[in-house]
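The values are calculated or read from the model by the stated rules, or taken from the named source; none is laboratory data. Owing to the predicted nature of the structure, the values given are computational and were not obtained by experimental measurement. Quick reminder, even Gly has a Cβ in these numbers, built from the backbone with ideal geometry, and neighbours come from all protein chains shown. Just the protein is used for accessible areas: all its heavy atoms, side chains included, with ligands, DNA and RNA removed. Shrake-Rupley method; radii C 1.70, N 1.55, O 1.52, S 1.80 Å.
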Amino acid sequence: MAKAAKTVEHHFGLHAVESLLNTMPEQVLGLFVLQGRDDERLQALIKQAEPHGISVQKASRDTLSKMSEGAQHQGIVAAVRPAPVSDEGDLERLVRSTSNVFLLALDQVTDPHNLGACMRTAAAMGVHGVIAPRDRAAGLTPIARKVAAGAAEVIPFFQVTNLSRTLVALQEMGVQTVGTMLDEGAKPLHQIDLTGALTIVMGAEDTGLRRLTQENCDQLAYIPMAGTLQSLNVSVATGMAIYEACRQRQPA
């Protein structure tokens, strides 16, 4: 039996709630704030909610912990109407309407903390959108949104049915796909031309890129490291890879 779609999500954390109020206040159904807490940062968010007619209720620490499923909520939880999920059609529209589109694809990254960190870095480096498989991968859960610290509300996130097929479709639209992995055929990342329409493809830190994903990348690259440790957390590796792309893409 299919699982019913959620009618309300609970997003939490100061940055995440502030970003919601800045970008999509119409999605916020209500705010719940920690009883007895009235510091300046929290009061600013309450004041920001007022013009939008968003109700604000005081709640106990236990209530907020239940709403955030035990995660660090920083004294504020927003009840939010779930936003529609962006898909392949939305991705195609973005690519066709964006000159030199810059995308990040994540192959089976399952930890929402890693997804949130990747989203935050991608937004900071000017990436136009983040792509992930719909299955066996983290989605934009409240935890991912909190770690993203507002990035999830400003950078599009696309969930696709088949990542390999999506990479082929991107290539057909003129987007170069560069997968990152330690492989004999891979080149140092800085030796690859990362200008123009581009998708950087990152694999999960435990398994890397799946075989079909590898086969549907135009080029494979690795991040040269001087130390003895040759493994990085996927969010750290993502930051290094998209920074190199961003560096190359800057005007001379």
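A few points about this structure:
- Qualifying residue in segment 189-206 (condition: under 30 Å from Phe12 (Cα atoms), out of contact with any strand residue (DSSP E or B) (no Cβ under 9 Å at 6 or more places or on another chain) and either open to solvent by 50 Å² or more (accessible area, probe 1.4 Å) or among the polar types (S, T, N, Q) (or both)): yes
- In segment 164-185, the residues that are over 15 Å from Arg96 (Cα atoms) reach residues that are charged (D, E, K, R) and open to solvent by 50 Å² or more (accessible area, probe 1.4 Å) with C-beta atoms within less than 8 angstrom, at least six apart or across chains, in these pairs: Ser164/Arg210; Ser164/Glu215; Thr177/Asp218; Val178/Asp218.
- Residue count, segment 62-113 (criterion: surrounded by fewer than 23 Cβ atoms within 10 Å (Cβ to Cβ) and in contact with a Ser or Thr (Cβ under 6 Å, 6 or more places away or on another chain)): 1
- Of the residues screened, Glu153 is one that is in contact with a helix residue (DSSP H, G or I) (Cβ under 7 Å, 6 or more places away or on another chain), of a type outside the set (S, T, N, Q), open to solvent by less than 50 Å² (accessible area, probe 1.4 Å) and under 30 Å from His73 (Cα atoms).
- Out of Val33, Val17, sole residue that is among the β-branched types (Val, Ile, Thr), closer than 28 Å to Gly139 by Cα and part of a helix (DSSP H, G or I): Val17
- Taking the criterion of being part of a strand (DSSP E or B), at pLDDT 95 or above and not polar (S, T, N, Q), the residues of segment 192-220 that qualify are Leu198, Ile200, Val201, Met202, Leu220.
- Given (1) outside any loop (DSSP other than H, G, I, E, B); (2) under 18 Å from the mean Cα position of the chain (by Cα); (3) over 21 Å from Val236 (Cα atoms), index of the condition Gln171 fails: (2)
- Cβ pairs under 7 Å, 6+ apart, first in segment 2-13 and over 11 Å from Leu64 (Cα atoms) and assigned to a loop (DSSP other than H, G, I, E, B), second at pLDDT below 85 and not hydroxyl-bearing (Ser, Thr, Tyr): Lys6/Pro82
- In segment 138-150, of all residues being buried (at least 19 other Cβ atoms within 10 Å of the Cβ) and out of contact with any Gly (no Cβ under 8 Å at 6 or more places or on another chain), the one that is farthest from Glu18 (Cα to Cα) corresponds to Ala138.
Okay, residues lined up against (1) of a type in the set (S, T, N, Q); (2) closer than 30 Å to Met181 by Cβ:
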site: Glu26; (1), (2): no, no
site: Leu34; (1), (2): no, no
site: Asp38; (1), (2): no, no
site: Gln43; (1), (2): yes, no
site: Ile76; (1), (2): no, no
site: Ser99; (1), (2): yes, yes
site: Ala124; (1), (2): no, yes
